[in-house]
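Structure, as structure tokens:
The values are calculated or read from the model by the stated rules, or taken from the named source; none is laboratory data. The structure presented is a predicted model; accordingly, all values stated were derived computationally and were not measured. For neighbour counting, all protein chains shown are included, and Cβ atoms are generated from backbone atoms with ideal geometry for every residue, glycine included. The area values use the complete protein model at the heavy-atom level, side chains included, leaving out ligands, DNA and RNA. Shrake-Rupley method; radii C 1.70, N 1.55, O 1.52, S 1.80 Å.
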Amino acid sequence: MRTLKVYEIYPYAIEIKAKVLDVFESNGKPCAVLSETILFPEGGGQPGDRGTIGEADVLDVIQANDEILHILDRKIELGKTSVILDWGRRYDNMQQHTGQHLLTAVAQDRFRWATTAFHLGPDLCDIELDTPQISPSMRLELEEAVIEEIIANKKVITTSVSLEEYGNMKVRSRGLPDGHSGSVRLVEIEGLDINTCGGTHLASTSELESIKLLDTESIRGGTRLFFIFGKRVRSRLEAHEKRLQQLRTFLGRPDDGLVDAVEQRISHEKELERSLRHADDELATVYAKLLKDKQSVLLSEHFENKDSTFLQKLARQILESTNDRLLFITAEKDGNYFFNLCATPISQADIPKLGREVATLLNGRGGGSGKQFQGKFTEISKLEEAREMIMHQIIF
């Protein structure tokens, strides 16, 4: 490999000078290989770093064919340049990754829950543990055990050993990659854990600041446990406080009364919905009677602030008529337009065919079979033309 991995030697380096050894394109994006880099390439569950190389933004960093490739937003020239790390993003990754090591170690040693997989996400991280369930009380117990290790301020030490030395050590690992040769990189949490890992880590557990275990879900016979460490805990708490402040202002209640206030509002809204449905039923009955009393084969009406459900209620009652009638009703609600075309059982009108013609005229779409066709449309200005077209079909 041509690139010196400064991020392994000193993960706290934020800016260095390096030489651009090679530039080329990969998948349509400019790429660069450097003499040395502080930018970690994606791997081992840790996301790749971001930053800048000269004037170019680093979009991704990957390791391929024994080279560390820096994917850029623009082409750069060969020669000396500056490399600057997006430190906020890196430190967050270091907190989550080191935290995952600690969480895995404590879960194994205190509770005999082995980690079978983990994922470091941009907002939430998770590990999969080989236990069928974790109760809320057990989750809190695990959280407190991890916090004890954070407060203990244990050193996090990175070393490299030979394959022979590695074979004689007790290391927590899922095994080395097939065909691995050369030294093995180890990350140790002093007195607690030794693990194979190529990622970047903090210098001590105290830098983790805090942990919050958020939720669990069953997966593949085990349990997925969601967590956050460090600044993410404070950021999440800040976001929650802003939402609570808005809810306190909106609902006029203190924190301990917010849930009751929301439940009361939901209950009230459900009661209003029931009342509105009942009123719509009654209104549909009234309009059905008024329409059936008209001395016309085509019954047509447009309704404001009503939707397709109301039209269906009205159509059902019209369809019960024993007279030869066609019904063409439309409605508008929240900027959406609905139509329903139907005929009584004794009518000879081809409603599916007529419905498709109406939908085309109104720049709409819909469907139906038998004696009813319904849909949505946009050309409200062509309603009268649609009525005339339907009347023409009735006459001829």
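Numerical summary
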read-out: Extended-chain gain in nm, criterion 0.36 nm per residue less alpha-carbon gap, residue 138 and residue 307; value: 55.8 nm
read-out: For residue 57, distant residues with modelled amide H under 5 Å away; value: 73, 74
read-out: Cα-based helix-to-principal-axis angle, 351-361 vs the chain, degrees rounded to 10; value: 70
read-out: Candidates per chymotrypsin sites (Phe, Trp or Tyr not before Pro) in the range 1-49, loop by DSSP, up to 15 other Cβ within 10 Å; value: 12
read-out: Relative contact order of the chain, defined on C-alpha pairs under 8 angstrom at six or more residues apart (%); value: 9
read-out: Selection from 362, 394, 118, by position along the positive dipole direction of the chain (Cβ); value: 394
read-out: Student exercise, the range 320-366 dipole from Lys, Arg, Asp, Glu Cβ charges, in Debye to nearest 20; value: 140
read-out: CD proxy at 222 nm, helix term only [per DSSP H run n ≥ 4: -39500 (n - 2.57); per residue of the chain; nearest 500]; value: -12000 deg cm²/dmol
read-out: Lys, Arg +1 and Asp, Glu -1 on Cβ, resulting dipole of the range 279-349 about Cα centre, debye, nearest 20; value: 240
read-out: In Hz, Karplus ³J(HN,Hα) per residue of the range 60-70 (6.51, -1.76, 1.60; θ = phi - 60°; x = Gly, Pro); value: 6, 9, 9, 10, 8, 6, 6, 10, 9, 9, 9
read-out: Out-of-range pairs (alpha-carbon distance over 27 Å; input 29/231; 29/212; 292/353; 292/382; 270/292; 292/371); value: 29/231; 29/212; 270/292
read-out: DSSP-loop trypsin sites (Lys or Arg not before Pro) across the range 40-98, with at most 14 other Cβ within 10 angstrom; value: 74, 75
read-out: Computed FRET value (nearest 0.05) for residue 80 with residue 336, which takes r as the C-beta separation and R₀ as 56 Å; value: 0.35
read-out: The chain, accessible area per residue, ligands and nucleic acids excluded (1.4 Å, Å²); value: 55
read-out: Size of electric dipole in the chain: Cβ of Lys, Arg +1 and of Asp, Glu -1, about Cα centre, debye, nearest 20; value: 740
read-out: The range 208-315: trypsin sites (Lys or Arg not before Pro) falling in loop per DSSP and having at most 13 other Cβ within 10 Å; value: 220, 294
read-out: Residues with amide H under 5 Å from that of residue 337, placed H, sequence gap 5 or more; value: 377
read-out: (1) 135; (2) 197; (3) 255, with the label sought being that of the calculated volume of the Cα convex hull per residue in Å³; value: (3)
read-out: Sites residue 67 and residue 244, calculated FRET efficiency, Cβ-Cβ separation with R0 56 Å, nearest 0.05; value: 0.70
read-out: Cα gyration tensor shape for the range 212-258, rounded if a/c is under 1.5, else prolate or oblate; value: oblate
read-out: Among 88, 6, 239 - extreme Cα towards positive end, dipole of the chain, charges at beta-carbon; value: 239
read-out: Rounded if a/c under 1.5, otherwise prolate or oblate - the range 175-287, Cα gyration tensor axes; value: prolate
read-out: Accessible area of the range 153-282 belonging to carbon and sulfur atoms, whole % at 1.4 Å probe; value: 50
read-out: On Cα atoms only, tilt of 136-151 relative to the major axis of the chain in degrees; value: 30
read-out: Whole-Å distance, taken between Cα centres, linking the range 7-45 and the range 77-138; value: 22
read-out: Farthest positive-ward along the range 88-241 dipole, Cα basis, beta-carbon charges - from 180, 131, 203; value: 180
read-out: Spin-label pair residue 10/residue 26, simplified geometry with 7 Å Cα→Cβ offset, distance in nm; value: 2.7
read-out: Whole-Hz couplings from phi, Karplus 6.51/-1.76/1.60, listed for the range 197-211; x for Gly and Pro; value: 6, x, x, 9, 9, 6, 8, 7, 5, 4, 6, 5, 6, 7, 9
